[in-house]
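Reading through the structure tokens given below for one structure.
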Amino acid sequence: MNKKYAFVFIISFLIGAKSFAQSDTKDPKAWTPEDIVYTESMRAPVFSPDGNMVVWSKSKAVKKKDRFVANLYLTRLGIQEDGKFLTTQLTQGDENDYSPIFSKDSKALYFLSSRDKGKKLWKLSLYGGEAEEIHEFDNGISSIQLKDRNTLFFTSKNGKTLYDVEAEEKEDNVQVIEDSLHWQPSHIYAFDLKDKKITRITDNTKPIRGYQLSHDGNWLYYSITRSLSYGADAQKDPFSYLVDLKTGDKKQILKDFEFPIYSVQFSADDSGFYFGTGFSSDPEWNGAGIIELYYYDIASAKATKVDLDWELGIGGGYTVAGNDVIVSLANKATMKLAYYTKKGTSWSRSEMDFDDKNEHVSLNAIADDASKIVYTYSTASKLPLYFVADLKKNKVSNEETFIALNKKLEKKYMPKSEIMTWTGYNGDEVTGILYYPNDYEEGKKYPLMLNIHGGPSSQDTDEWSGSWAYYPSILTQKNMFVLMPNYHGSSNHGLEYVEAIKGNYYEPELEDITKGIDKLVAEGKVDRDQMGTMGWSNGAILTTMLTVKYPDMFKVAAPGAGDVNWTSDFGTCQFGVSFDQSYFGGAPWDDTNGKTYNENYLIKSPLFEIEKIKTPTIIFHGSEDRAVPRDQGWEYYRGLQQVGKTPVKFLWFPGQPHGLGKITHQLRKMKEEIAWIDTYLFDKKPTENEAFKEDSPLAEIFKLEEAKQQNGLYGVLNKGILIPETVQVKEDSISLGRFEVTNAQFKTFKEAFSFDAGKDNYPAVVSKTEAEDYVTWLSAQTGKTYRLPNAKEAEKLQQKAAESAKGQNNLNTWAGYDLTADDAAMLSQKVNSLTYSLLKPVGSNKSVKVGEAILYDLGGNVAEYSNTGTYDYSAYDFADPYDQKPVKSEHVGFRVVKE
């Protein structure tokens, strides 16, 4: 085809591909995709029964597995060291460790792990030692809870039937989507921790959806799915049951609820339990609504709605505190914590006492006696901080830092942000999070990038946002505004707001977004000619339709995992029956407007208007996505590629579901996206040469070119005098000489100093006194403080020199083989007979990174003076890998430190 544009299609099998986006700056305060992906977080904290410890998990990247794994940590609240709670890493390695629960006596942990195919229960003594295997479960184990001191509940299956075994023996890899004759449900089992006996507790014929034990171990709540279908099919809520574990009596409960029941939590006295459930005006297809809170009383067998006195409903969940409950209330662009005191069958509300932090706090864990809490505090401009505090009803006191994470990120640029409001569809107030350009100047117009959230029943709130899908901190560095709009259909804004797009999909959302843009343009903040849009899932769906309806509005689009054809979505989406019927008013074959089919599936599908799109578009999709079926990405790409009105790039991530889990895929997505934005929004073509290898010998020459030179001599001029160039190790720290002080630099201080012609850039070999005199003179000459490295700095530089010695200008390199200490002494005798100097011009060997500083000649050339002695190796010295102490060298120079 003779097309105007070149089209790019990438199947991302080459997951080790190099970076596709150039850094805007080498400023150490600037955010990178790696900073975003590797941001640390505390997850799933659990208090010990005695309230003195908290177990929690933190994920880490495992490069060889190309994924993140979780390790368990223990924080002891009764022990502090250097003003911090004592925290110990309990598990290590390359496997996921998860679902930790304390023993009833708080002396040990039980947990599950992906090690050994995830079929084992593990126990770890908190007094020390390795984790021990308690039992291996042939059919797997999940969802563990302790009933009492010696009994653990879990979910699993009964085992393989003869039908299953024979199918495996045939090595038949056919995937059976649904087979009601051979449906194998999961059950709840009890495991005796002493005699290792397993007892099946439930006899359900359909899969367990979830369960919860009462604190005293006398009651079991569980639910099962009603449908056997492979995906969500808009059936009513799963069946719910309550079992008296003392008698074995079981009864079905909560029959009248239309929506799924979630987060069952027993009150402290075990007289009942709280649960959340949805509510909407049209529950037929389990569509979007608001979340309400109920309490089920066991004695009366009645569920009572907790009057939250808050029409927007629950936002961020709830946590039982004794017999009371703390609720995270939906509050549009924030969450608001409130305490509800139970009095019989009614509840009274009071505000949580978090001062001005209340709307930016999320509760992570609460002690069994409700006396302590762990919580997170963050805003859109502040990294998450983790605290522990005492709790008495709604009163919070004695707040202390629970754990400090992301210390390396604290000095990064934190984007300025605010909650933005404007009038949108139907005259309603719309909210969003607006991020400002890093170098914002009032009265100046800037580019705008939309970051549109998925869902649509989700929301953006005033809390830290940074992931492979959305990363405003990087985008604002490009000096642009970033707007995250809570369009109609978003949750957290009330029932009418979330239901506004049912049967009316796209229209309210697009009006909300474009009116938000209009406001920013009218305020003189945004340049309408420099705008882009991006989003994942429903954010991609809206991004696509914006480029259809407004072909000239955006310079760039980056949709990830978005739909373009609702007819094919209905049949292939995991929850297509529920989602599509709710928003499009029925199935594709339902009669609408006198037609024998549901026309919404056609008129709402961008595929049938794709010829209108003129925006350069980069498409992302996972090959195993069932939330937005994988072939939606192919249809999207094929349409743009065939129409040929705009550049299109399509990245297909093998083995990935709706969210990208592999580290390489997350980074690849971000870097490709940033490069696309740079190219089409900023007209900044990628400058990276694909034939250039970052760690090649040629790359070292380019690094060396960054060094300052004056007429071929290394160094910088100060008052016309050549002095050493220094580079900052990290922000607010010392600077070190990029090179050892050269002959030419030293001669400016001591005119009588002589050296062979042509060796101006060689390191100066001088006495300790001469080196000390030089830094004193240099300080007086420049008005800055220069000195030799102190003992602590010299120790660190020696360690770096030892690590970097291979390939540097030392005796080991000259030997040409793996030099040993025995051979080194003999080789030194040979070298001493040389009249030829082994020294080289500074910077002749590979660079070494110390903090953020690129230095040369650490590990070779000349040894260097500190204020207490020497460190490093010269070209004549043996760098002993088994003895990294400084050597006594006859060839010593020095490197300056600048305060």
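No lab work stands behind these numbers, since they all come straight from the coordinates. Being a predicted model, the structure only gives us computed values, none of them experimental. Glycine gets a Cβ as well: all are built from the backbone with ideal geometry, and neighbour counts include every protein chain shown.
A few comments on the model shown:
- Dipole of segment 697-898 [Lys/Arg +1, Asp/Glu -1 at C-beta], most positive-end residue of SER844, THR785, ASN832: THR785
- Neighbours of GLY489 by Cβ distance under 10 Å: Lys/Arg scored +1, Asp/Glu scored -1, total -2.
- Other residues lying with their Cβ under 13 Å from the Cβ of GLN709 contribute a combined charge of -2, Lys and Arg counting +1, Asp and Glu -1.
- Taken about its Cα centre, segment 697-898 carries a charge dipole of roughly 460 debye when the Cβ of each Lys and Arg holds +1 and the Cβ of each Asp and Glu holds -1.
- Residues with amide H under 5 Å from that of SER142, placed H, sequence gap 5 or more: THR155
- Segment 350-387-segment 485-558 distance, computed between alpha-carbon centres (Å): 32 Å
- Seen against the Cα atoms of the chain and their longest principal axis, helix 538-549 is set at about 90 degrees.
- Residue among PHE137, ASN600, THR345 farthest towards the positive dipole end of the chain, charges placed on Cβ: PHE137
- Taking a point 7 Å out from the Cα of SER467 in the direction of its Cβ, the residues of segment 538-566 whose backbone N falls within less than 18 Å of it are 538-543, 558-563.
- Dipole moment magnitude, nearest 20 debye, segment 119-208 about Cα centre, only Lys, Arg, Asp, Glu C-beta charged: 620 debye
- Our helix-only sum for the chain, with -39,500 (n - 2.57) per DSSP H run of n ≥ 4 divided by its residues, gives a mean residue ellipticity at 222 nm of -5500 deg cm²/dmol.
- About its Cα centre, the chain has a charge dipole of approximately 1220 debye under the convention of +1 per Lys or Arg Cβ and -1 per Asp or Glu Cβ, with nothing else charged.
- ³J(HN,Hα), Karplus 6.51/-1.76/1.60, whole Hz, each residue of segment 522-536, x for Gly, Pro: 5, 7, x, 8, 10, 8, 4, 8, 9, 9, x, 9, 8, x, 10
- Note that segment 707-714 has calculated 3J(HN,Hα) couplings of 5, 6, 9, 10, 6, x, 9, 5 Hz, one per residue in order, obtained from phi through the Karplus relation 6.51 cos²θ - 1.76 cosθ + 1.60 (θ = phi - 60°); glycine and proline are x.
- DSSP beta bridges in the chain [antiparallel fraction, %, rounded to 5]: 85 percent
- Distance from the C-alpha centroid of segment 612-661 to that of segment 25-60: 32 Å, rounded to the whole angstrom.
- Packing-based order for 82-91, 332-341, using average beta carbon neighbours within 10 Å, highest first: 332-341, 82-91
- Dipole-positive endmost among ALA500, TRP122, SER754 within the chain (Cβ charges, Cα centre): SER754
- What the Cβ-Cβ distance of LYS708 and LYS685 gives, at R0 = 30 Å and to the nearest 0.05, is a FRET efficiency of 0.55.
- Fully extended contour minus Cα-Cα distance, from GLN92 to LYS549, at 0.36 nm per residue: 159.3 nm
- FRET efficiency for the ARG528 to GLN884 pair, using the beta carbon distance and R₀ = 51 Å, is estimated at 0.25.
- Counted charge near ILE613, where neighbours are those whose Cβ lies closer than 12 Å (Asp, Glu -1; Lys, Arg +1): +1
- Rounded to whole numbers, the Karplus 3J(HN,Hα) couplings from phi for segment 335-341 are 10, 10, 7, 9, 9, 10, 8 Hz, using 6.51 cos²θ - 1.76 cosθ + 1.60 with θ = phi - 60°, and x at Gly and Pro.
- On the beta carbon distance between LYS117 and ASP50, with R0 = 35 Å, the FRET formula returns roughly 0.55.
- Taking all Cα pairs closer than 8 Å and separated by 6 or more residues, the relative contact order of the chain comes to 9 percent.
- A straight line joining the Cα centroids of segment 822-854 and segment 743-820 runs 12 Å.
- Ordered by the number of other Cβ atoms lying within 10 Å of each residue's own Cβ, fewest first, TYR597, TYR386, TYR296, TYR871 fall into the sequence TYR597, TYR386, TYR296, TYR871.
- The stretch between TRP589 and ASP368, if pulled fully straight at 0.36 nm per residue, gains 74.3 nm over its current Cα-Cα span.
- Qualifying aspartates and glutamates (Cα of each under 19 Å from Cα of LYS29; at least 8 residues distant if same chain): GLU40, GLU410, ASP439, GLU731, ASP732, GLU852
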